[in-house]
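First comes the structure, then the notes that go with it.
The values are calculated or read from the model by the stated rules, or taken from the named source; none is laboratory data. Just so you know, these numbers come straight off a predicted model, no measurement behind them. Quick note on the areas: whole protein, heavy atoms, side chains included, nothing else; ligands and nucleic acids left out. Shrake-Rupley method; radii C 1.70, N 1.55, O 1.52, S 1.80 Å.
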Amino acid sequence: MGKSETIGETSRLKTSQNDAVTTVRIEYSAGNMEHLLFVTSDLHIDSVACAREQLIADLTEATERGAKIMLFGDVFDAMQGKFDPRRNLDDLRPEYRRADYYDYVVKDVARILSPFAKNILLITPGNHETAVLKASSISLTDRLVYALNMEHGGNVLKGGYGGWVRFMFQNISGGMRTSVKLKYHHGFGGDAPVTRGVIHTNRQQVYVKDADIILNGHNHHAYYVPIVSETVSDAGKVMFTTTHHVRTPGYKHDYGDGSKGWAIEKGFVPKPMGGAYIKMKIKEGTVKKTTCHICVQPVIHAPELVG
């Protein structure tokens, strides 16, 4: 965990971390009222089944649109290590057949992500990274963040498997302020071929309080489900709030042509690919009534056979 600061042309953005909470402070007195995020997970960049061209195209578009990028787990596939029971040489890219497998994979993934390093805000580990840490005492996520920052000019923070991101907007000249709270978790559970994991929205709505956005990955399904809650204000007025539940599918097509492989033997289904844009638009009123409108736009692609 650490602190960083980035100065943009029209905004001042400061990031800091305190345990599980990442805070992003944005000064918008220059009139920059709209802020764009591109969120995704499950890139599995080093896998032979990763749709790299589509991934790079989406990250390129996000960068050109000025979006801040957040990658929520399983950036690596990393299943071909010596102590990994899942290893299969058929799933190993030829260039990774090296004695320094993990070191080289980190360098190569950093190279692939380097054009987007200055736009990447946060990278978090998923179950593939934690499996490597458990088996080999190597944190791929820490190494990747270090490479992007020290070798490619990034200002990337590393998060946890789960955590929070607070976007704190402030107009210093006018005293206006508002915030958006995003709860993330890489994900858990199985393939969920019937519900696609949407049932988690109701569960998380119960035990996660006051989140504006709840984001998951892991099972390679995709959904966007807004859930509206009713409450009463201190002034005795009925109020409604919306929690935006987002699941991102990632970029690994391990279903292949449906003829063979672990996913086929497990009865998994074909999955979509992509992520989602989240636009936060500030609407000024009084200090107490300044709000932020949230708009979620899923970015979904049908898979194509790789190779």
Can you sort Arg111, Arg143 by solvent-accessible area, 1.4 Å probe, largest first? Arg111, Arg143
Rounded Å value of the spacing that divides the Cα centres of the stretch 27-50 and the stretch 234-280: 15 Å
Between the stretch 66-128 and the stretch 162-181, how many Å separate their Cα centres? 32 Å
Reference-scaled alpha-carbon Rg (2.2 N^0.38 Å with N residues) for the stretch 165-273: 1.42
For Glu129, what accessible area in Å² do you get when you roll a 1.4 Å probe over the heavy atoms of the protein chains, rounding to the nearest 10? 10 Å²
Between Rg and the Kirkwood Rh of the stretch 146-191, both from Cα atoms, what is the Rg to Rh ratio? 1.17
Computed over the stretch 101-147, the convex hull of the Cα set has an average projected area, in nm², of 3.2 nm²
The chain - percent of accessible surface contributed by carbon and sulfur, probe 1.4 Å: 52 percent
Using only the alpha carbon atoms of the stretch 17-140, find the Kirkwood hydrodynamic radius as the inverse mean reciprocal pair distance, in angstroms to one decimal. 16.0 Å
Stokes-Einstein diffusion coefficient for the stretch 67-205 at 25 °C in a medium of 0.890 mPa s, Rh from the Kirkwood formula over Cα pairs: what value in µm²/s? 143 µm²/s
Considering only protein heavy atoms, what per residue accessible area in square angstrom results for the chain with a 1.4 angstrom probe? 49 Å²
Arg93 accessible area, assembled protein chains, probe 1.4 Å, Å²: 40 Å²
Take the cross-link list Lys118/Lys289; Lys209/Lys279; Lys181/Lys271; Lys158/Lys209; Lys134/Lys271; Lys237/Lys279 and give me the ones stretching past 25 Å between alpha-carbons. Lys118/Lys289; Lys181/Lys271; Lys134/Lys271; Lys237/Lys279
Can I get the semi-axes of the stretch 195-246's equivalent ellipsoid? Compute them from the C-alpha gyration tensor as square roots of 5 times the eigenvalues, in angstrom, largest first. 26, 9, 8
